[in-house]
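Here is the structure we will look at.
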Amino acid sequence: MTAAFSGALLAILAFALAAPRVGRHLSPALATRLLVPASVATAASTLFVLAALAATWLGQLPVIASVGAWSATVLGAADPVPRPVGVLGLVLLTASTCWAVIWSVRRIRALLAVHRDYRDLRPAGSVVVLDSTAVDAFATPAPSSRIVVTAGLWQALSPDERRVVLAHERSHLAHWHTWWTLAAEFAAAVNPLLRPTTATIRRAIERWADEDAAARVADRALVARTIARTALLQHDRAKTSPRLAQAATGGDVPQRVRALLEPPPRRRPFALIVLCAVVAVTAATTLSVERTSDNLFDRADTPSIHLQHHHHSI
């Protein structure tokens, strides 16, 4: 069990290290669509591996074994989990689960607040101009999906720049970017090692919306100029966008501007292969933990042991 756990842990660590680097070499849309489900799967693997480790250690305790109807002696002799390792697995499992629940409750409350604040502002999917001197633009998630632009920003932009901002925000709405972000953040709440991957996903989502805006207005330089100008206008001003909104000036603005001044991103098959390989190894090692754990408990099952003993006596 310890060997299988070590392999799964190393695979999870490999994904956490490789995913942010690989994600930077993929197109923004592809990076988002691959990294988010891979991160969620890795987070699930983390919980499962920790649970299997903790369960195997707890199963070696006579009190627990008597309730579960298996032999603690046989289970411990087959592949004993050292007490420090078992305790660490149980502590990490408890901490990850508790933090994921707390994070989920906070995000659900924030989603409800956004829905409550913006549900009565024009029909869903429409553009709302807030009477505010602040400089901001953002998209609120479904079901209260709106594009919100402050009067301070709207009046400061030219008609062409307004088209860019609206195209960027429409991309956020069309591709449900807020939900991609929430899924990635949930994975990082379960496994903090995934936080750099989540940061990469956030940047990729903003770049995805930038590329959509550039395709819609057919002018990459205009999109780059609009993003830079909006960021400058926003400098030293208080931001008014809700926590869960996708804002036009989110992410690494200098990096986004540089990317837009270059040709559209190329396909990177090698980066894609590396990411798929790491995910496959993580899945395989997690499956190995599951099989090893099942086999250990099957061999330690009390009725089976009695049956084997009876067979040998005959």
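The values are calculated or read from the model by the stated rules, or taken from the named source; none is laboratory data. The structure presented is a predicted model; accordingly, all values stated were derived computationally and were not measured. Every residue, glycine among them, receives a Cβ derived from its backbone with ideal geometry; neighbour counts consider all protein chains shown. To get the accessible areas, we keep the full protein, side chains included, count just its heavy atoms, and leave off ligands, DNA and RNA. Shrake-Rupley method; radii C 1.70, N 1.55, O 1.52, S 1.80 Å.
Brief remarks follow.
- The residue among Ser132, Gln155, Pro192 whose Cα reaches farthest toward the positive pole of the charge dipole of segment 112-214, with charges on the beta-carbon of Lys, Arg, Asp and Glu, is Pro192.
- Amide H to amide H distances under 5 Å link Leu130 with Val149, Thr150, Ala151, where only residues 5 or more positions off or on other chains count and H is placed in the peptide plane.
- Relative packing of peptides 46-57, 143-154, 264-275 - highest average C-beta neighbours within 10 Å first: 46-57, 143-154, 264-275
- Inter-label distance for Ser158 and Gln255, nm, one decimal - labels placed 7 Å from Cα along Cα-to-Cβ: 2.9
- Spin-label pair Glu290/Asp120, simplified geometry with 7 Å Cα→Cβ offset, distance in nm: 4.9
- Cβ crowding within 10 Å averaged over residues, with 181-190, 163-172, 17-26 ranked highest first: 163-172, 181-190, 17-26
- Note that segment 93-190 presents 46 Å² accessible area per residue, ligands and nucleic acids not counted, probe 1.4 Å.
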